[in-house]
Every structure is written in structure tokens, then in C-alpha cells.
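Before any comments, here is the structure.
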Amino acid sequence: MNNENKTIHEFDFNLICEYFSSIERQGPGSPEVTVKALSFIDNLTDKSRIADIGCGTGGQTMVLAQHAPGHITGVDIFSTFIDLFNQNATKLNLQDRVKGETGSMDNLSFQDEELDLIWSEGAIYNIGFVQGLNKWKRFLKPGGYLAVTEASWFTNKRPEEINNFWQEAYPEIDTIPNKISQMQNAGFIPVATFILPENCWTNHFYTPQISAQKIFLKKYVGNKMAEEFVAYQQHEAQLYYKYKEFYGYAFYIGRKL
Ligand code: SAH
């Protein structure tokens, strides 16, 4: 089967997990962008409770912890990522206020109105932006903040090739005004939105994958699934370089009414 016709959902979870464990981030982003998004949030104290949903190995969580007060719980469905997350927290001496837990974003174990801030970079798409906002909102205190990155179209029209790729990968991708409107309809005041700079995709996401792919392919030489998975990642990166003026991630920051 041609990998271009395959979606990421069809690859073995353990392979995906191993591949992404070897790189610092599992999605586009950067420390500068995390700090910028945080600058719009003004309610945090040492007593604040923060959740980072779909935290992966914690690239952005550790940056958040170094720039914000309070206690952070990272949640991810892959226990391997959570083990690495907790090791990273300990290495940075953040273990007293940064803890990773294995769990699913569609069944979170927080109390209603427990959280001051919900953070999620490159992960809400797993349950969909609208469903994520609606499901997570109850865990926020009134006036609490939500800050998420989400795949977004920058233009009203775009070439068919990239349109088809995203309709297959994540049909909920939409224009920025539509996403802001969805946020408002879910009961959030839209506080700020900005587009992530290209280096979040290139230097911080696709470039580190080049050496990771070499190591991975060497280990899984002859394994068709592994080879197809790497080919899929390469195809995704090529599409990004080709069509980056039409789409990317935007940070959406909202305050619960
Ligand atoms: N926030 C990290 C990881 C983004 S990749 C970063 O920006 O680097 C998306 C993450 O969502 C992965 O770590 C994946 O394991 C996690 N994930 C996927 N489905 C999930 C679910 N149902 N519940 C919780 N986490 C999930």
C-alpha cells in the first residue's frame, strides 16, 4: 500500500511511541511560543493548579513550570511518555510541583472547577477542538484560562493536495476566525490568538526527526510498518515546506466565563 494513502491512525501505537520518545517534542512548538502564550495569562499564584493535557514527554511543560508558579499535572495516554516526563521533571528539580499521570483526555480525573489553567500543545485534535473545549471546561474555575494550539487554515482557499491531506488527517482543521468563534460558543472569552512561527515546525519539530529517522530505520530495517511510518512523517514534512503559507498551528487563549 502506498503510504500516502495511509493515515497516521493506521500505524502501530508502540512504533509511534518509540519514534516520538527519541525527540524532545512530539508536536510543533517552541519555548519562546510557550512563554509568549503564558504572557496573556494573569491569574496564577503559588497555589494555582495547572493541567497540561496530551503533555507527551513534557517539552513545553517544563518551560511552563520554569515561567509560571503553581502545581502542574501532565496527562498523556502513553505511559512511556509519562515515565520520560517524570524523569525530565526530576532532572530539572521540578518534581515537587510537576507530575505526570497516565490518562485519557476524554476521561480526565480532575474535580469540577479545580483548575486555574488548562494547557495543551498539539494534542486537542485527538478528541477534536470543539469536543475538547466542551469536555475540559468544567474542570476550570470561572475566570480560569485555557491555552491550546490547533491546526488552522490561514486562507479561505487552498490547493487541493493539502486540502485533501488535512481532510483525511484532521477534518476539523478550520480558519482562525472560525476557531475563535467555536471557542466563544463553548463559553470562553477569546483573550488572544497568534500563529506559531515557522521555526516551531522546522527547527523544533521536523529537523530533529531527520536523525531520529536514521536511527529508527536502522533498528527496524526490513520492517514494513516502521518504514511506512517514517515515509509518512517525511511526506507530512514535505507538505509543510510546500504549503506552509496556507496552514500551521495557532495558539488559542481563552478565559472561562
Ligand atoms: N504536547 C506535546 C505532545 C504533542 S503530541 C508537545 O507539544 O510536544 C500529542 C500527544 O497527545 C501525544 O503525546 C499523545 O500520546 C497524546 N495523546 C493522544 N491521544 C490522547 C488521549 N486520548 N489522551 C491523552 N493524551 C493523548
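The values are calculated or read from the model by the stated rules, or taken from the named source; none is laboratory data. Quick caveat: nothing in here was measured; it's all calculated off a predicted structure. Positions of Cβ are generated from backbone atoms using ideal geometry, with glycine treated the same way; all protein chains shown enter the neighbour counts. Note: accessible area is taken over every heavy atom of the protein model, side chains too, but ligands, DNA and RNA are not part of it. Shrake-Rupley method; radii C 1.70, N 1.55, O 1.52, S 1.80 Å.
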Determine whether ILE180 is modelled with pLDDT of 95 or more and open to solvent by less than 20 Å² (accessible area, probe 1.4 Å).
no
Considering ASN126, ASN156, ASN164, which residue is out of contact with any Leu (no Cβ under 9 Å at 6 or more places or on another chain), open to solvent by 30 Å² or more (accessible area, probe 1.4 Å) and either within 16 Å of the ligand (Cβ to nearest atom) or modelled with pLDDT under 95 (or both)?
ASN126
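Rundown of residues vs (1) over 25 Å from GLU32 (Cα atoms); (2) open to solvent by 20 Å² or more (accessible area, probe 1.4 Å); (3) of a type outside the set (Phe, Trp, Tyr), yes/no style:
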| site | (1), (2), (3) |
| --- | --- |
| GLN184 | yes, yes, yes |
| VAL191 | no, yes, yes |
| PHE194 | no, yes, no |
| TYR252 | no, no, no |
Could you check the stretch 89-116 and list, in sequence order, the residues that are within 15 Å of GLN66 (Cβ to Cβ) and of a type outside the set (Asp, Glu)?
ALA89, THR90, LYS91, LEU92, ASN93, LEU94, GLN95, ARG97, VAL98
GLY58 versus (1) surrounded by 20 or more Cβ atoms within 10 Å (Cβ to Cβ); (2) more than 14 Å from the ligand (Cβ to nearest atom): which is the lone unmet condition?
(2)
Need the failing condition index for GLN111 against (1) over 19 Å from the mean Cα position of the chain (by Cα); (2) within 14 Å of the ligand (Cβ to nearest atom), just the number.
(2)
Scanning the stretch 67-81 residue by residue, the ones that are open to solvent by less than 20 Å² (accessible area, probe 1.4 Å) and more than 9 Å from the ligand (Cβ to nearest atom) total 4
In the set LYS135, LYS179, which member is in contact (Cβ under 8 Å) with a residue 40 or more places away in the chain and in contact with an Asp or Glu (Cβ under 7 Å, 6 or more places away or on another chain)?
LYS179
Could you grab the pairs with beta carbons closer than 9 Å, sequence gap of 6+ or different chains, first residue in the stretch 99-128 and under 22 Å from PRO171 (Cα atoms) and without any contact (Cβ under 8 Å) to a residue 40 or more places away in the chain, second one more than 9 Å from the ligand (Cβ to nearest atom) and open to solvent by 30 Å² or more (accessible area, probe 1.4 Å)?
ASP106/GLN131; ASP106/LYS135; ILE127/LYS135
